[in-house]
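Colleague: Here's a structure for you.
The values are calculated or read from the model by the stated rules, or taken from the named source; none is laboratory data. Given the structure is predicted, the values throughout are model-derived calculations rather than measurements. All Cβ positions, even for glycine, are placed from backbone atoms using ideal geometry, and neighbour counts span all protein chains on display. Each accessible area value is taken on the protein alone, full model and side chains, heavy atoms only, with ligands, DNA and RNA left out. Shrake-Rupley method; radii C 1.70, N 1.55, O 1.52, S 1.80 Å.
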Amino acid sequence: MKPLFYENPVALHPQTLAGAALADPLDYGFARDTNIIPISLNEIPLAAQTYPVAFTIDGGVRPVAVVGVRDDENLFVDSRGRWADNAYVPAYVRRYPFILGEQDGGEFVTLCIDHCPRVLVTEGRGKALFQGEEPTGLVKRAFEFCQSYRAMEAATGPFIEAPIEHALLDARVATISMPDGGEIRLAGFATLDEAKLRGLSDEVFLEFRHKGWLKAIYAQLQSTLNWNLLADRLVSAKA
């Protein structure tokens, strides 16, 4: 299964991508048709300032920023591919169209790019990927960012396992009332249960504190207030 947004990731190589350049500008239109964006542990407090932060249930547990209430609608990307002003843009989105590809059990890592018309254009019409056989500064910075993202993902894994182990997740259904009297229901996600958190033993709570997880935990709980803001955004978009 291909990662979200990516149509055809291929290794960045000067021979196979000769004559290709990165589209400039590359807007956020690729992120328009989804209502959740994966986020890492250290992004939760940032994302929680704008979005409801939840945990997926189907396909594995992971933290996500909820950006819409319909499956194929991101309320923070407009028709021109612009992300909403003053809204945090998740690293998963900022990484696109680059991604790391792994071979031999992760021992060999290579930088890949989404090989599709919206990303790659004829050289001279976009940002160069190579100068001769050498990668440009753009590619080098992309590789560094993807490595940083990979490290963030690795740190998120243990955090995800903790609420599963201690049964802290509570499956929810969000119901949004529309002005015409209809309702939109969003299911398939969970949030941390505050009562269950209070019931943790002192030993486990201190473990969470020592691992630096409390900031993300409390941010996720606080972010549930953003469901009303998301509903308001939907109503405004339909007005």
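Colleague: Just checking, how many residues over the stretch 18-33 are surrounded by 18 or more Cβ atoms within 10 Å (Cβ to Cβ), closer than 25 Å to residue 187 by Cα and either out of contact with any Pro (no Cβ under 9 Å at 6 or more places or on another chain) or not aromatic (Phe, Trp, Tyr) (or both)?
Modeller: 2
Colleague: Would the stretch 163-185 turn up any residue that is within 24 Å of the chain's Cα centre (by Cα), among the polar types (S, T, N, Q), surrounded by 12 or more Cβ atoms within 10 Å (Cβ to Cβ) and not in a helix (DSSP H, G or I)?
Modeller: Yes, the conditions are met somewhere in the stretch 163-185.
Colleague: For the list (1) open to solvent by less than 70 Å² (accessible area, probe 1.4 Å); (2) at positive phi; (3) part of a loop (DSSP other than H, G, I, E, B), I need the number of the one condition that residue 200 fails.
Modeller: Checking residue 200 against (1) open to solvent by less than 70 Å² (accessible area, probe 1.4 Å); (2) at positive phi; (3) part of a loop (DSSP other than H, G, I, E, B), the one that fails is (2).
Colleague: Inside the stretch 84-97, can you point out the residues that are open to solvent by 10 Å² or more (accessible area, probe 1.4 Å) and either in contact with a helix residue (DSSP H, G or I) (Cβ under 7 Å, 6 or more places away or on another chain) or over 27 Å from residue 155 (Cα atoms) (or both)?
Modeller: First pass over the stretch 84-97, keeping only residues open to solvent by 10 Å² or more (accessible area, probe 1.4 Å): 84-89, 92, 94-96.
Across the stretch 84-97, the qualifying residues are 84, 85, 88, 95, 96.
Colleague: Go over the candidates 109, 53, 77, 61 one by one and state the one that is closer than 23 Å to residue 150 by Cα, of a type in the set (A, V, I, L, M, F, W, C) and either open to solvent by less than 30 Å² (accessible area, probe 1.4 Å) or within 12 Å of the chain's Cα centre (by Cα) (or both).
Modeller: Going through 109, 53, 77, 61 in turn, the sole match is 53.
Colleague: If you scan the stretch 206-226, which residues turn out to be hydrophobic (A, V, I, L, M, F, W, C) and open to solvent by less than 100 Å² (accessible area, probe 1.4 Å)?
Modeller: The initial filter retains those residues of the stretch 206-226 that are hydrophobic (A, V, I, L, M, F, W, C), namely 206, 208, 213-214, 216-217, 219, 221, 225.
Scanning the stretch 206-226 gives 206, 208, 213, 214, 216, 217, 219, 221.
Colleague: Would it be correct to say that residue 102 is of a type in the set (D, E, K, R) and free of Cβ contacts under 8 Å to residues at least 12 places away in the same chain?
Modeller: Taking the combined requirement at face value, the residue satisfies it.
Colleague: Could you check the stretch 132-160 and list, in sequence order, the residues that are acidic (Asp, Glu) and exposed (fewer than 12 other Cβ atoms within 10 Å of the Cβ)?
Modeller: 133, 134, 144
Colleague: Still on this structure, please answer the following. Could you tell me which of the residues 24, 72, 85 is part of a loop (DSSP other than H, G, I, E, B) and touching a residue at least 60 places away in the same chain (Cβ under 8 Å)?
Modeller: 24
Colleague: Assess whether residue 221 counts as being in a helix (DSSP H, G or I), over 30 Å from residue 11 (Cβ atoms) and of a type in the set (A, V, I, L, M).
Modeller: So residue 221 fits the description; yes.
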